[in-house]
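The values are calculated or read from the model by the stated rules, or taken from the named source; none is laboratory data. This is a predicted model, so every value here is computed, not measured. All Cβ positions, glycine included, derive from the backbone under ideal geometry; neighbour counts span all protein chains shown.
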Amino acid sequence: MIMTSSIAKKLIISILAFSFVITLFITGFHIFIDYNSEIKRVSAYEMLIKNTYLDSITTSVWMYDDIQIKLQLDGLLNLPDLDYLIIKSKDGYAWSSGEMKSKRHLIKDFPLIYTQNNMSFEIGTLKAVISLDEIYDRLLNSALVTLAANSVKTFLMAGFILLIFNFFITRHLHSILNWLKNIEIGKSFEKFSLNRSKRYLKSDDELDEIVATINEMQDKLKNYLEIEKRFKRLIDDLQETFFFYKYDNAGNFTYISSSMTAVLGYSEAEIYRFCTGYLIKNKYSVLNDNNRETDGQNKKKHSYEIEIPRSKGTSCYLLITETPVLDKDGELIEVEGLAHDITDRKKIEVQLRQAHKMEAIGTLAGGIAHDFNNILGIIIGYSQLCMDNTIDQPETYVELNEILKAANRARDLVKQILTFSRQTETEKNPININPIVKEIIKFIRASLPSTIEIKSEIHCNNDIVMADPVKMHQLLMNLCVNAGHAMKDSGGILTISLDNIELSEIDITNYPGLKIGSYLGLTVQDTGHGIPKEYLERIFEPYFTTKNKEEGTGLGLAVVHAIVEEHAGKIRVYSEPGAGTTFYILLPLAEAVYGENRKDSLSPCVIPRGNECILLVDDEQSLAAIMRKILESLGYIVVAETNPFDALERFIMNSESFDLLITDKTMPGMPGLELIKQIKKKKKNIPVILTTGLSYLKNKDDSAKGLIDEVLIKPVSTEILSQTIRKILDYYKIRKEEQESTGSG
Amino acid sequence: MKEIFMLIVCLSFFLFPVNTAPAFCNQLNFNQKNITISAIENDYIHSLIKDIVRTAYKRLGIKVNFFELPARRSLEWANIGRTDADLARIDNTETKYSNLIKIPVPLLTIKGVVFTKNITRDVHKWEDLSGLSIGIRSGIRYSVIRIEGFNRIIAKDLFHLFSLLSRDRIDVAVADYDMGRYKIAKHFHDSGIHIIGKPLSSRHLYHYIHKKNKNISKKLELVLRDMSKSGEMDIFREKAAMEAMP
């Protein structure tokens, strides 16, 4: 374990290397000292020879005393390390002793100078060869011993240091390493500690600081992980519409968030190539110099919108925000991009524009509807009166009937405009759709040619929806009329079906805006000429029509779309040219059956009559006149006024004479509601019918205050008018009788 | 005619002895003014010869300086030309010292005799010394050569030699007859050292010059030969011997 530690290895190698170098240095120094000592010792021979031997040898040589020379040389040779001696005389003689055995030696020359009679003669040279072999051997042995001793000492010291290092550091480092290796990000962290005895430690040391730092780092990591988790959650929440990407200054993508592949429908491999084509090679890319706005060293974010195709053929809109990342020299390193899928926003923008257009139309329509309805009311009223008077004149009667039909169509047209522009009152109640379907089939069958077969397929158990029956009528009528037009030349089959549909979480992705739950599926299908593909997206636009001017106004499907949206439903259209068109409508089923509140479709057409006195107020003189005539024809006594102030004055003068007030809502000088308030001050319990050319949703407060009993939208048919008057008057009569009986009792 | 010529020469020689040498030298174009002759230091024999040689050179117009050295060194230096000549050596010295030219006029005859203190052996030849410890003087070539293989001790000089003998360090000492007698008379007259047997050798001594001085060899030979014939040499030797004797 000790030797597997890299630090231990490095430590022991370092110690050994350093010790080896030191040992070498010390040994070298030691040898150097020994060598000098030996050299000094050898040098001492020089002095010895000079002082002791040289004179006698010189004398012997002077005298050519071979024996003496031999004796002297042999004697000299007894000195340690003296290997070889040779005397060479100037006259060519030589005497030697010993032999040159050594490989390494030191040669000393001694000139032999003989002095006689104050004259010196150099008679030769004594050459002493001092063997250094033994000296070197001694030095070598000494070096080896020193090295060996130091090596042993070094190894022992290194081993000891290693053990100490292992005890104090390495084993703890292993513990730290193992612990760090076993950390699993995301799992719960445990406090880390080292197994070490504190008796050796008087205070905290570096390892304690490491442990403390690790634990501190753990805490920070834990916090960072929490932050990352939060961030991931945030990203996950955003990932349906937000994507992140990065690419370098050469346009190579380095990161694209995975959500982008899912949304665009490309594989991991394709998405990079695809993005290069659409995000880098487009003219808005930040890589294009023209799009790089600089603010000194900082480059500004660059945003643009781009439409890019999905893999399935559809396209989506992305709002790209690219941020250039610059180096210290201001050069572009990479680009960080944030893409926001704004496809839905784009659709909403289209819808918003459409809504604004509709609002403008509505405002316009609302503005003219009042006056137009008054005009229609006059036409319809007089037509009906004339028809009543010309029953015995068939031709005139028929012609008046045509006038009445045209006026009714005009009234319906105004109603459609008001419906589409949401200017009409929508009163939703739980209603059964099946009877309306049957009624519509019955009604439409008469108006369609015999070449068109009408089928109904009712597969639902529950057909109750919260809806306005009039608008449901309108919806079905519009769709069926359109289907009839599509098949009028070739004939075909018109199928109206009802189904119960359960929308799951997956299903609602196809119907944005709808909620999970039970729906009624209403299908109107024809086998006509179908709708060209290029028109499909525009069929719900108002005034978009492919029909002749006489056949359509371009408002039918727009009204249908508006009604469906108003009832929190969805409409889809499927069409193939030559094969027919299917309109599929989902309407949410009512959560409960409101038995009492459930309204059936229209009641049978009955015209009740009466003889009560009615105060009729309408600023439109003609309308006031015709309504007066209609009401008088129904038996009522009518006081008609076109000025609300005159009407109020007249009522104050004879308040007890009037049984009912019918007043227009919008009048110059005094609005209808103000007139009602004033009249109610005089006679609190007088019933009131408010007529209006615009839609007027009965105010709860108004009802609570008892101001208005019913609202009628002009033009009002005789049937509706008579039924409404009768219903109110009868109600008040019963209530009065009850009050009187209660009061007398 | 011939006799007349010889007479004139002889007369000239005798009548103008001092002046002949320079004239002779000049005739020979001899330009040496000084010459150094190595001689054995403290050597009795050489002291007997010095005046002879000095006189001979003088007659050649050359002034002689004697440089006293140990016996062998004297010879060696003469051979290597460090001195110009060796005063006197035995015959055949030139065979070993090839740079030396012998002037073939014997200057002196030395007799090698055996001195002893206690030995009573009758000695006639070198082999009779067998078994004895023999002392000889360093540099005396004939004795060194002849006793090779014997038990010998070489003394640095004659005094040393006789000192060894007087202290019984050696049995016998081989030395020149004249010189030995001189030394004993001077330093060891009470030591009991005496001569036994007959001379072991008798050798002439010759003057040797270095070959660089070859040009004077013939003239020197003539002068020396003349001195020998005239008995002048004997006069110089006897005079020297007389002066040397204690």
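Some observations on this one:
- Summed over the stretch A:564-581, the residues that are closer than 14 Å to A:Met466 by Cβ and in a loop (DSSP other than H, G, I, E, B) give a count of 3.
- Evaluated against (1) modelled with pLDDT of 85 or more; (2) under 43 Å from the mean Cα position of the chain (by Cα), A:Lys428 falls short on exactly one condition, (1).
- Test result for B:Arg146, under 22 Å from A:Met63 (Cα atoms), modelled with pLDDT under 90 and within 14 Å of chain A (Cβ to nearest Cβ): no
- For the stretch B:69-100, taking the residues that are more than 12 Å from the chain's Cα centre (by Cα), crowded, with 23+ Cβ neighbours inside 10 Å and more than 14 Å from chain A (Cβ to nearest Cβ), the one that is nearest to B:Asp43 (Cα to Cα) is identified as B:Ala85.
- Check on A:Leu16, more than 14 Å from every other protein chain (Cβ to nearest Cβ), in contact (Cβ under 8 Å) with a residue 60 or more places away in the chain and of a type outside the set (Phe, Trp, Tyr): yes
- Long-range neighbours under 9 Å by Cβ, at least six apart or interchain, first residue in contact (Cβ under 8 Å) with a residue 40 or more places away in the chain and assigned to a helix (DSSP H, G or I) within the stretch A:30-54, second among the hydrophobic types (A, V, I, L, M, F, W, C) and surrounded by fewer than 16 Cβ atoms within 10 Å (Cβ to Cβ): A:Ile31/A:Leu140; A:Leu54/A:Ile113
- Any hit, the stretch B:225-243, residues being hydroxyl-bearing (Ser, Thr, Tyr), surrounded by 13 or more Cβ atoms within 10 Å (Cβ to Cβ) and over 28 Å from B:Arg59 (Cβ atoms): no
- Within the stretch A:80-134, the only residue that satisfies the criterion of being of a type in the set (D, E, K, R) and touching a residue at least 60 places away in the same chain (Cβ under 8 Å) is A:Lys108.
- Check on B:Lys156, outside the structural domain of B:His124 (by TED's automatic domain parsing), closer than 28 Å to A:Tyr64 by Cα and charged (D, E, K, R): no
- Qualifying residue in the stretch A:513-533 (condition: under 30 Å from A:Arg445 (Cβ atoms), surrounded by 20 or more Cβ atoms within 10 Å (Cβ to Cβ) and of a type in the set (Asp, Glu)): yes
- Qualifying residue in the stretch B:104-127 (condition: hydrophobic (A, V, I, L, M, F, W, C), within 14 Å of chain A (Cβ to nearest Cβ) and either within 29 Å of B:Leu222 (Cα to Cα) or in contact (Cβ under 8 Å) with a residue 12 or more places away in the chain (or both)): no
- Pairs linking a residue in the stretch A:159-183 that is closer than 16 Å to A:Ser14 by Cα to a residue that is assigned to a helix (DSSP H, G or I) and of a type in the set (S, T, N, Q), with Cβ atoms under 9 Å and 6 or more positions apart or on different chains, are A:Leu162/A:Thr170.
- Single match in A:Asp236, A:Asp208, A:Asp204 (criterion: in a helix (DSSP H, G or I) and modelled with pLDDT of 75 or more): A:Asp208
- Check on B:Lys156, touching a Pro at 6+ places or on another chain (Cβ under 9 Å) and either within 12 Å of chain A (Cβ to nearest Cβ) or β-branched (Val, Ile, Thr) (or both): yes
- Selected residue (criterion: nearest to the other protein chains (Cβ to nearest Cβ)) from residues of the stretch A:68-90 that are part of a strand (DSSP E or B) and among the hydrophobic types (A, V, I, L, M, F, W, C): A:Ile87
- Being surrounded by 17 or more Cβ atoms within 10 Å (Cβ to Cβ), more than 60 Å from the chain's Cα centre (by Cα), acidic (Asp, Glu) and within 14 Å of another protein chain (Cβ to nearest Cβ) is a property that holds for A:Asp65.
- Residue match in the stretch B:168-179 (condition: at pLDDT 90 or above, out of contact with any strand residue (DSSP E or B) (no Cβ under 8 Å at 6 or more places or on another chain) and part of a helix (DSSP H, G or I)): no
This table checks each residue for (1) over 27 Å from A:His356 (Cα atoms); (2) of a type in the set (D, E, K, R).
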{"site": "A:Asn461", "(1), (2)": "yes, no"}
{"site": "A:Ala467", "(1), (2)": "no, no"}
{"site": "A:Leu479", "(1), (2)": "no, no"}
{"site": "A:Ala486", "(1), (2)": "yes, no"}
{"site": "A:Ser490", "(1), (2)": "yes, no"}
{"site": "A:Glu541", "(1), (2)": "no, yes"}
{"site": "A:Val560", "(1), (2)": "no, no"}
{"site": "A:Arg572", "(1), (2)": "no, yes"}
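- For the stretch A:107-137, the candidate set comprises residues that are of a type in the set (A, V, I, L, M, F, W, C), more than 13 Å from chain B (Cβ to nearest Cβ) and surrounded by 19 or more Cβ atoms within 10 Å (Cβ to Cβ); within that set, the residue that is farthest from A:Asp55 (Cα to Cα) is A:Ile135.
- In the stretch A:505-552, residue farthest from A:Leu413 (Cα to Cα) [restricted to those that are of a type in the set (Gly, Ala, Ser) and at pLDDT 80 or above]: A:Gly517
- Being hydrophobic (A, V, I, L, M, F, W, C) and either closer than 30 Å to A:Ile69 by Cβ or touching a His at 6+ places or on another chain (Cβ under 6 Å) (or both) holds for only one residue in A:Ile113, A:Ile169, and it is A:Ile113.
- All of A:Ser60, A:Ser6 fail the test of being touching a helix residue (DSSP H, G or I) at 6+ places or on another chain (Cβ under 9 Å) and small (Gly, Ala, Ser), apart from A:Ser60.
- Subset of the stretch B:32-68 [among the aliphatic types (A, V, I, L, M) and more than 14 Å from chain A (Cβ to nearest Cβ)]: B:Ile35, B:Ile37, B:Ile45, B:Leu48, B:Ile49, B:Ile52, B:Val53, B:Ala56, B:Leu60, B:Ile62, B:Val64
- From B:Leu161, B:Leu165, residue being within 14 Å of chain A (Cβ to nearest Cβ) and at pLDDT 90 or above: B:Leu161
- Within the stretch A:446-472, the set of residues being in contact with a Leu (Cβ under 8 Å, 6 or more places away or on another chain), farther than 15 Å from A:Leu586 by Cβ and surrounded by 17 or more Cβ atoms within 10 Å (Cβ to Cβ) comprises A:Leu448, A:Ile452, A:Ile454, A:Pro469.
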